[in-house]
């Protein structure tokens, strides 16, 4: 008997509920226990692990969990070498560059030569600006990067935006889109080899559940 | 602060216990590689950056440690061993008949490029089979890999094989621009079949080519590849590459290891020089591959002299240890009984030590000149089996203290040797 298959699910934030629902539609119910990081599911072969969406790619990369639900943007940011078996069709967002509405920065070309960028995505930001041949100083922050321009600590931010509402509320304007992202079912490459049949069966159920 | 107490990021010390695990893997692999006729080579830890960066691709070059020599030339720490071996073959082994079989056990160094932090110094054990372009050579490398991992004690080893040129030629046959080829390759690498199909539909693939891509990405065994017909000359040398894979499968069947080998169309390695089959070895209990390799036919000629096809693999020693531990394998420890010899007469202690050492016993001579009690206490704490207190002559019985049973008895050295003979 092979060991259980572990699937990591975002423990909070906008991806959590849709993740639980997509699993539910695929017939996998999480038997939630309060404050438990690891939960049993309705399928004895699957075990659910709650983790920060940001950390899911890393856990999958190392094989600490076999499967994981997380954003494509986060997989790229953490440079995890994993399979992205399925686009789960929710969590649509864009990784954007934004500047205060009242600033003179209306496009990437307006970004000053010594700009500081506040972001939760230092890796993708660095690559993006390097790719454009622009030098910026990356300021890695956790959570609300929208605050940084207000405090004057950064001129622009790189953050995800799904509806644009948070940016508007904070009087920020999108000046460029770095990438489009959705939520993915990721899989450790070796776990896929080990559990291919079971994982493919699970994928079929996810695809069928998703189309209902 | 405190830099004198730390080692730099990504490096670490190895305790005697850890090192014993390393030695187990290294020595076992050496033994197997030698049995297969491979000879060990060693290259300098530092080399000129040109020698190490030729043909390995930008990703590896970026992660190579570089620094300046006194005369201004740029030096680098080796980031992998295939380039040094290629240089050695080109410069030192011109008259050696081919095929040449070489192996190495070396530490390599890489800047961590990944968000996911890795060690910056790690040990690799690998082989290169140089000067032969047959499927038999490919098959030998794969079966040596499987055999090596099995001999280490690993179970359920599997090797996934892809083909660098097969993938390259088929991507080229799509006629897509570089950007779209990149997307197609990443969809294959993601194993996202839904989006793969959608992408191919949107980019108007010839239905035949579309079918070929889908069939390949579903193939899991090397022999299943034979059912895919790609007769079209438009697909570069795809037909030849397929034949190569099928021949490799035949070799593996003759070696009796075909059940451990799988096909993975999307498999690519992060190093650029591969031209033929590429592969990765893994076990189910560890989420990262143990190592891998492939065929590199155009690499050695970049060093300017010899045009030699070659194939090889490298294993990461640390990952092999992790995999063994994950499988609950007890790495055999060289638990030899240790004997501490003490005497008021130094020459007698030395003589007794010599007799015991000649018989293969591990002997420590007491150098502390402490009293008997302290010496016994030390022996208890230091994992020593027996303390032998030698008198003024070896002919006289020595007092032997058995640490485990905490008892002493008077016996001659000869009798003691016989007594512990079974524990050697």
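The values are calculated or read from the model by the stated rules, or taken from the named source; none is laboratory data. In this text the structure is predicted, and so the values were computed from the model without any measurement. Heads up, the Cβs are rebuilt from the backbone with ideal geometry, glycines too, and the neighbour counts pull from every protein chain shown.
Data table
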item	result
Residue check for residue B:306: touching a helix residue (DSSP H, G or I) at 6+ places or on another chain (Cβ under 7 Å), outside any helix (DSSP H, G or I) and within 14 Å of chain A (Cβ to nearest Cβ)	no
Number of the condition not met by residue A:54 [criteria: (1) crowded, with 22+ Cβ neighbours inside 10 Å; (2) closer than 24 Å to residue A:144 by Cα; (3) within 11 Å of another protein chain (Cβ to nearest Cβ)]	(1)
Criterion: assigned by TED's automatic domain parsing to the domain that holds residue A:45 and either touching a helix residue (DSSP H, G or I) at 6+ places or on another chain (Cβ under 8 Å) or under 19 Å from residue A:117 (Cα atoms) (or both) - qualifying residue of A:176, A:191	A:191
Strands (runs of 3 or more DSSP E) wholly inside region B:43-136 containing at least 3 residues that are surrounded by 15 or more Cβ atoms within 10 Å (Cβ to Cβ) and within 14 Å of chain A (Cβ to nearest Cβ)	none
Residues of region A:123-179 classified as within 14 Å of another protein chain (Cβ to nearest Cβ) and either surrounded by fewer than 17 Cβ atoms within 10 Å (Cβ to Cβ) or part of a strand (DSSP E or B) (or both), total	8
Failed criterion for residue B:273 (all others in (1) in contact with a helix residue (DSSP H, G or I) (Cβ under 6 Å, 6 or more places away or on another chain); (2) at pLDDT below 90; (3) under 27 Å from residue B:86 (Cα atoms) hold)	(1)
Region A:51-60, residues that are touching a helix residue (DSSP H, G or I) at 6+ places or on another chain (Cβ under 9 Å) and not in a loop (DSSP other than H, G, I, E, B)	A:51, A:56, A:57, A:60
First in region B:256-279 and assigned by TED's automatic domain parsing to the domain that holds residue B:184 and assigned to a helix (DSSP H, G or I), second anywhere and modelled with pLDDT under 90 and crowded, with 20+ Cβ neighbours inside 10 Å, Cβ under 8 Å, 6 or more apart	B:258/B:222
Qualifying positions in region B:174-192 - touching a residue at least 12 places away in the same chain (Cβ under 8 Å) and either away from chain A (no Cβ under 13 Å) or surrounded by fewer than 18 Cβ atoms within 10 Å (Cβ to Cβ) (or both)	B:174, B:176, B:180, B:183, B:184, B:185
Residue B:151 being away from chain A (no Cβ under 14 Å), closer than 30 Å to residue A:179 by Cα and assigned to a helix (DSSP H, G or I)	no
Of all residues making up region A:67-87, the number that are facing another protein chain (nearest Cβ under 9 Å) and farther than 17 Å from residue A:204 by Cα	6
Matching option when the condition is away from chain A (no Cβ under 14 Å), in contact with a strand residue (DSSP E or B) (Cβ under 7 Å, 6 or more places away or on another chain) and either assigned to a helix (DSSP H, G or I) or farther than 23 Å from residue A:190 by Cα (or both), among B:171, B:245	B:245
Test: residue in region A:197-204 that is within 14 Å of chain B (Cβ to nearest Cβ) and in contact with a helix residue (DSSP H, G or I) (Cβ under 8 Å, 6 or more places away or on another chain)	yes
Which listed residue is under 22 Å from residue B:303 (Cα atoms), within 16 Å of the chain's Cα centre (by Cα) and without any contact (Cβ under 8 Å) to a residue 60 or more places away in the chain, from B:23, B:78, B:92, B:42	B:78
